[in-house]
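The values are calculated or read from the model by the stated rules, or taken from the named source; none is laboratory data. What you see is a predicted model; the values in this text were computed from it and never measured. Backbone-built Cβ (ideal geometry, glycine too); neighbour counts: all protein chains shown. Surface areas here come from the heavy atoms of the whole protein model, side chains and all, with no ligands, DNA or RNA. Shrake-Rupley method; radii C 1.70, N 1.55, O 1.52, S 1.80 Å.
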Amino acid sequence: MGNNQGSAIGQSQQRLKDIETLADYMKSDNCKKVVLMLGAGVSTSAGIPDFRSPKTGLYSNLAKLKLPRPEAVFEINFFRHNPVPFYTLAAELYPDSFRPTPTHSFVKLLATHNLLHMCFSQNIDTLERRAGVSADKIVEAPR
């Protein structure tokens with residue numbers, strides 16, 4: 001057991017060193033452009049569920065909408081037949097219900113310091129924009 005604890009402490013120290021090394025690099029004159037690729041994990045701490053996690057993901061919580069399959073809520077043919085589930089979900093996930101996380105604030109900080117070249121995000125929650133990142137620095141590309 002002591003060996004595992006020592007290993008965990010060593011890993012934590014290495015992560016801290018890696019973060020410090022990255023921070024030092026980003027503060028240097030060598031760092032000119034930063035490209036970010038963001039996924040659902042960036043917004044889950046804001047209370048927005050990811051799509052696929054068992055029991056807590058968005059797809060797992062769609063049972064109340066009585067869909068033939070979870071993905072149907074986003075399919076145009078299903079929407080044409082029954083738009084109620086989509087609008088119900090959209091109301092729950094409306095961007096004004098959530099606030100940017102510290103990660104979104106970090107993206108804004110990079111932009112403020114002219115380091116952000118582009119932020120590619122799989123998210124559709126607009127929290128990068130709400131944090132103050134300019135739209136020309138964001139590409140929203142949900143999969």
_Among the residues of segment 133-142, are any loosely packed, with under 12 Cβ neighbours inside 10 Å, in contact with a helix residue (DSSP H, G or I) (Cβ under 7 Å, 6 or more places away or on another chain) and part of a helix (DSSP H, G or I)?_
yes
*Take segment 21-65 and flag every residue that is loosely packed, with under 14 Cβ neighbours inside 10 Å and part of a strand (DSSP E or B).*
VAL35, MET37
_Taking the criterion of being open to solvent by 60 Å² or more (accessible area, probe 1.4 Å), among the acidic types (Asp, Glu), on the phi < 0 side of the Ramachandran plot and part of a loop (DSSP other than H, G, I, E, B), would at least one residue in segment 66-77 satisfy it?_
yes
*Residues within segment 103-119 that are surrounded by fewer than 21 Cβ atoms within 10 Å (Cβ to Cβ) and within 11 Å of the chain's Cα centre (by Cα), tallied*: 1
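Taking segment 120-131 as the region of interest, how many residues are assigned to a strand (DSSP E or B) and surrounded by fewer than 22 Cβ atoms within 10 Å (Cβ to Cβ)? Before you say what the answer is, go through the steps one by one.
Step one: filter segment 120-131 for residues assigned to a strand (DSSP E or B), giving 120-121.
Among the residues that remain, those that are also surrounded by fewer than 22 Cβ atoms within 10 Å (Cβ to Cβ) are: 120.
So the answer is 1.
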*Neighbours by Cβ (under 6 Å, 6+ apart or cross-chain): first from segment 37-59, touching a residue at least 12 places away in the same chain (Cβ under 8 Å) and more than 21 Å from VAL107 (Cβ to Cβ); second crowded, with 17+ Cβ neighbours inside 10 Å and of a type outside the set (A, V, I, L, M)*: LEU58/PRO49; TYR59/PRO70
